[in-house]
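Worksheet: one structure, shown below.
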Amino acid sequence: MKYQKPKGTADILPPYSKEWQFVEQKARETFALYNYEEIRTPMFEKFEVFSRSAGDTSDIVTKEMYDFDDKGGRHIALRPEGTAGVVRAFVENKLYGPEHQKPVKVYYMGPMFRYERPQSGRLREFHQIGVEAFGSDSPKIDVDTITMAMDFLSQLKVAGLKLVINTLGDQASRQQYRQALIDYLEPYYDELSDDSKERLHKNPLRVLDSKDATDQEIVKDAPSILDYLTEDAQKHFAQVKEQLDALEIPYVVDSSMVRGLDYYNHTIFEIMVADSALGKGDVTICAGGRYNGLVQELGGPEVSGVGFGLGVERLLLLLNEQTQAALQASRLDFYVVGIGEAVQTETLKIVHELRKMNFVTEQDYLERKPKAQFKSADKLNARYVITVGEAEMQAHVFKLKEMATGTEKTLSLDELKDIKNDLK
Ligand code: HAM
């Protein structure tokens with residue numbers, strides 16, 4: 001039997017795992033500047049946590065869930081996204097309580113699972129870096145969240161970013177718009193795709209998002225949500241735009257943009273990149289928005305939320321295509337070469353001491369001849385090579401060679417400790 005990874009999953013191998021660490025590190029640094037802290041929640045939750053939040057008619061819940069009954073008969077699902085679990089944790093741990101500074105701002109990174117058709121940049125196990133901020137109704141936090149995502153991507157030098165925003169308004173706006181949309185679409189009922197027919201009354205906004213060509217033609221002249229906003233919703237969106245302008249963050253408004261998850265209202269946004277290796281047209285690498293009713297939906301008080309999720313695989317595909325520079329050659333400080341069997345323990349000791357001094361150090365583990373060891377040192381790009389033979393061992397010294405200059409000297413471990421700062 002030949003074992004293979006499950007369809008839609010990937011092994012992240014060295015040295016590419018370095019790119020992941022680099023991206024994660026940059027995210028941590030950027031989010032820290034905005035005073036976000038890390039939250040870690042389970043990779044699986046009760047199925048209802050997702051069905052209640054993402055929405056019963058969403059593709060994520062109806063088609064893409066990795067769900068099963070566990071041995072105790074509980075209906076469990078692997079998380080398809082991060083927001084629902086974080087909201088569940090927010091409510092369960094009463095993070096809305098007075099002892100927590102508002103807004104509560106958290107970030108997370110980790111695997112998510114969706115049973116989708118795998119293709120470039122679309123996997124069944126994929127990774128998101130996400131953030132959520134709870135407890136502020138101010139448009140300022142919408143803008144802060146968007147700015148943070150843009151900052152993070154510019155830090156990584158991703159080129160060709162396009163920020164697209166829209167509003168879904170508040171509940172009253174949504175209700176009015178929903179009816180207007182149904183009234184507009186009903187005469188076209190017979191021409192709509194099967195998916196859209198089903199969504200027409202359950203969730204007509206999703207018809208706007210259809211990939212079907214006839215549907216797209218029909219919705220071209222559909223009414224715009226922007227004409228159905230209540231005064232409050234209008235004001236909120238106007239402020240978001242004004243503040244983005246003030247920060248000189250370019251954006252476009254796409255009033256037909258809806259999101260695949262049902263929990264959003266007010267501001268929604270996507271950050272896209274055009275013409276990439278990921279596919280033709282625009283590809284979304286980061287998406288999010290405001291979700292004011294979700295905390296209540298999962299049993300908490302009336303606390304608003306806003307956040308985004310960013311696809312790490314997509315980001316790395318882009319980075320590799322655009323810069324090919326995210327990956328830096330790994331570099332070793334020391335390689336310790338032992339000559340002869342008698343020095344095995346001595347080299348082990350020297351390596352141990354060097355690592356205690358914070359030097360990245362490597363040695364031979366395959367009992368190879370000195371020549372092969374020197375070759376490894378070269379391949380691994382070692383800055384210094386230490387050589388120990390029996391004579392050196394007796395004299396408690398070793399040879400130290402700086403590879404860039406070829407200078408060599410003989411010294412003891414204590415002498416090396418004395419000059420260690422010069423070697424860094
Ligand atoms: P989402 O739009 O479903 O939103 O996913 C966010 C990002 O995750 C996408 O833009 C994409 O980059 C990446 N992504 C989604 N599915 C896949 C896949 N199958 N393979 C690779 N990458 C994928 C959310 O998940 C929301 N929780 C975002 C959010 C947070 N909204 C508020 N807070």
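The values are calculated or read from the model by the stated rules, or taken from the named source; none is laboratory data. A quick note: this is a predicted structure, and the numbers were derived from the prediction, not measured. Cβ placement follows ideal geometry from the backbone for every residue including glycine, while neighbour counts extend to all protein chains displayed.
Points to keep in mind about this one:
- Candidates LEU317, LEU310, LEU261 - the one that is out of contact with any helix residue (DSSP H, G or I) (no Cβ under 9 Å at 6 or more places or on another chain) and either in the same structural domain as MET65 (by the TED database) or more than 23 Å from LEU200 (Cα to Cα) (or both): LEU317
- If you go through the range 67-92 and keep only what is in contact (Cβ under 8 Å) with a residue 12 or more places away in the chain, under 16 Å from ARG40 (Cβ atoms) and assigned to a helix (DSSP H, G or I), you end up with THR83, ALA84, GLY85, VAL86, VAL87, ARG88, ALA89, PHE90.
Table: residues versus (1) in the same structural domain as SER51 (by the TED database); (2) outside any helix (DSSP H, G or I); (3) in contact with a Gly (Cβ under 6 Å, 6 or more places away or on another chain).
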{"position": "ALA233", "(1), (2), (3)": "yes, no, yes"}
{"position": "HIS236", "(1), (2), (3)": "yes, no, no"}
{"position": "GLU242", "(1), (2), (3)": "yes, no, no"}
{"position": "PRO250", "(1), (2), (3)": "yes, yes, no"}
{"position": "SER256", "(1), (2), (3)": "yes, yes, no"}
{"position": "HIS266", "(1), (2), (3)": "yes, yes, no"}
{"position": "MET272", "(1), (2), (3)": "yes, yes, no"}
{"position": "VAL283", "(1), (2), (3)": "yes, yes, no"}
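- The residues on offer are ASP212, ASP245, ASP254, and the sole one that is acidic (Asp, Glu), farther than 21 Å from ARG199 by Cβ and under 32 Å from the mean Cα position of the chain (by Cα) is ASP245.
- Enumeration of residues in the range 174-205 that are in contact (Cβ under 8 Å) with a residue 40 or more places away in the chain, under 24 Å from LYS63 (Cβ atoms) and of a type in the set (S, T, N, Q): ASN203
- Among the conditions (1) over 22 Å from THR30 (Cβ atoms); (2) charged (D, E, K, R); (3) more than 10 Å from the ligand (Cβ to nearest atom), LYS102 misses just one, which is (1).
- Lone qualifier among ALA149, ALA172 - being at pLDDT 95 or above and of a type in the set (Gly, Ala, Ser): ALA149
- Some residue of the range 34-53 being in contact with a helix residue (DSSP H, G or I) (Cβ under 9 Å, 6 or more places away or on another chain), away from the ligand (no atom under 13 Å from the Cβ) and hydroxyl-bearing (Ser, Thr, Tyr): yes
- Residues of the range 127-160 classified as within 13 Å of the ligand (Cβ to nearest atom), in contact with a strand residue (DSSP E or B) (Cβ under 6 Å, 6 or more places away or on another chain) and not in a helix (DSSP H, G or I), total: 8
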